[in-house]
Amino acid sequence: MKKEYYFIFNEGSRINQVICAVLINMPVFVYGTAIGWMSPMTLLLQSKDSPRGEPLTDSEVSWMASAAYLVCIPADVLMAFIGDRIGRKNAIFILSATGIASWAIKLSSMSTWAFILARSLVGVLMGGAYVICPLYTKEISEDAVRGMLGCMVILFHTTGNLFLYIIGDYFNYNTILWICISLPLIHLVLFMMMPESPSYLLKKGYIEAFNLSETENRSRENRSPDGKVLPSIDNSKVTSMLAYFEHPQELGGEGKATKALAWLRCRREDDIMVLNEIEELKREQSRDDGSSKFVMKAILTDKILFRAFRIALIITLAREVCGAIPVLNFAAEIFALASENTGLVLSPNQQAMMLGAVQVIGSVMTFGLVEKLGRKVLLIITSLISGLSMCALASWFLVRAYGVYAPSWLPIVSLCICIFCDAFGLQPISVVLNAELFSFKYRGTIMGVTMAVASTVDFLQMLFFKKVMNSIGPYVAFYFFGAVCLLTAVYTIISIPETKGRNLNEIYEDLKTKKEKRLEAVT
């Protein structure tokens, strides 16, 4: 009798997937609090009431702010490698441990080096949050809810930001740090109960089978009657592949994956839906074994994989150059300009809370609509609206430069629309798409590479945006961001396939040209 995994819930319930996805994305929430910490705490640490006695200088704050983004560039690739090598679950443990270390350093010292080191660890947390968490979430989710659960990354990031903005207004410096360090500590304990990714368990079983087959091959060398070793053909790769994909249960690979999948789907281990899903995962990994063992070589030489990679890279770049990051950094000045004639005066932390609330509302709406509207429609709508809001903001700066009257509410509305669209579509959909466009073999590498590119762009924007804006004018910069968003909408319409509820074969069929489809039909 096979074990049941639905207990008090209905058979086929998705509650276990939701619980697992929530715990997978807790490091993203911790990362959100770490990023949000800079806003209220920098003001405190640079004030005359600084808890360290001596206020931080602007240079020290700049290093603190940029350290995370700089470290994140190699951390993206490193975390992708770790996730593929030791598993998604162990990688999540590393993320929580990194979060604990970051907050512990701030608790133990107020030296400048300690702040910079703690922020550098946030870069590792950032890399894992946007590489491991989306991959893991995708691999534990069934097709019907993978988009919704995949959007948890942005939801937890934005709620983490807002959470820190709020407690930053109510608690003292040390209390905030103790609250923040408790989150990854609790998560570290709770996550021990969660299963490893079924895809990783299958892959690990195959590697074990491969190693065993090689050992057996070497022990069965052909020898002549006089004891000399005769040359023989090494069929270890072929035999190991067949041995595992025909009888993986002998090594426990499929058994562990089936058990994990049955728990996630709230079904019995011998349920036909669980077995069919395992078979599909095995077919996917079997196809991958025929390609080059050098992942990037396979991606760059295979036409379909390269087209998928191009989409992932373009959408990631569009997400980072849509104007949201500069707008957030320029928000205080926009609020100051808008308050000149309206009397709307908000403290920096109140501004941060307002924008954080807008982001949370956007990410919550995505969570509810991504499976109804689909990835493509949501990306088109948000890119288009964001582009128009950036152009409106640019026009406001332009008419002001010529001394023409422009309503003071316009920049705040444009700013909020841009931030909302970023959280509602551009960020979550790009993350979901990048996970859905590739099989297990390529998923980690693609996420690592695209996020490394994104981190580099973010670092450069934080370093040079204000200098460039002052030299060319804010309206030129925001017109550029608006153009990027509008071109993203056009590119999405033309080149990006819908991935909602579809498997890789169906998605890749859309990436083929008409000529390739005709040739396949003939052959």
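Worth pointing out:
- Rg and Dmax of the stretch 274-321, based on Cα coordinates, read 14.3, 43 Å.
- The 3J(HN,Hα) values that the Karplus relation (6.51, -1.76, 1.60; θ = phi - 60°) gives for the stretch 182-195 are, in residue order, 5, 4, x, 5, 5, 4, 4, 6, 5, 6, 4, 7, 7, x Hz. Gly and Pro appear as x.
- Distance distribution P(r), the chain, all Cα-Cα pairs, bin width 10 angstrom from 0: 4, 17, 27, 24, 15, 8, 3, 1, 0, 0, 0 percent.
- The stretch 429-523: Rg to Rh, with Rh as the Kirkwood radius over Cα pairs: 1.12
- Rg to Rh quotient for the stretch 368-503, alpha carbon positions, Kirkwood Rh: 1.04
- Legend: Rg and Dmax of the stretch 68-110, from Cα coordinates, 12.2, 36 Å.
- Theoretical ellipticity at 222 nm over the chain - DSSP helices of four or more residues, -39500 (n - 2.57) apiece, nearest 500: -26000 deg cm²/dmol
- log₁₀ of I(q)/I(0) at q = 0.13, 0.19 Å⁻¹ - the stretch 1-117, Debye sum with one point per alpha carbon: -0.68, -1.09
- Farthest towards the positive end of the charge dipole of the stretch 447-510, among the residues Ile496, Met462, Met451, is the Cα of Met462, using unit charges on the Cβ of Lys, Arg, Asp and Glu.
- Within the accessible surface of the chain, defined with a 1.4 Å probe on protein heavy atoms only, the carbon and sulfur portion equals 65 percent.
- By the Kirkwood approach, averaging reciprocal distances over each pair of separate Cα atoms, the stretch 60-141 gets a hydrodynamic radius of 13.0 Å.
- Normalising the average separation of contacting C-alpha pairs (under 8 angstrom, six or more residues apart) by the number of residues puts the relative contact order of the chain at 22 percent.
- Per residue, the convex hull spanned by the alpha carbons of the stretch 377-448 comes to 88 Å³.
- Chain lengthening between Ala114 and Phe81 when straightened (0.36 nm per residue, less Cα-Cα): 9.1 nm
- Between helix 253-265 and the chain there is an angle of about 50 degrees, using the helix long axis and the longest principal axis of the Cα atoms.
- Among the listed pairs Lys376/Lys466; Lys203/Lys517; Lys259/Lys441, a Cα-Cα separation exceeding 25 Å is found for Lys376/Lys466; Lys203/Lys517.
- Extension gain, Ala406 back to Glu520 (0.36 nm per residue minus Cα-Cα distance, nm): 35.2 nm
- Seen from a random direction on average, the alpha-carbon convex hull of the stretch 114-168 projects onto 4.5 square nanometres.
The values are calculated or read from the model by the stated rules, or taken from the named source; none is laboratory data. If you're wondering where the values come from, they're calculated on a predicted model, not measured in any experiment. Note that each Cβ is placed from the backbone with ideal geometry, even for glycine, and that neighbours are counted across all protein chains shown. Quick note on the areas: whole protein, heavy atoms, side chains included, nothing else; ligands and nucleic acids left out. Shrake-Rupley method; radii C 1.70, N 1.55, O 1.52, S 1.80 Å.
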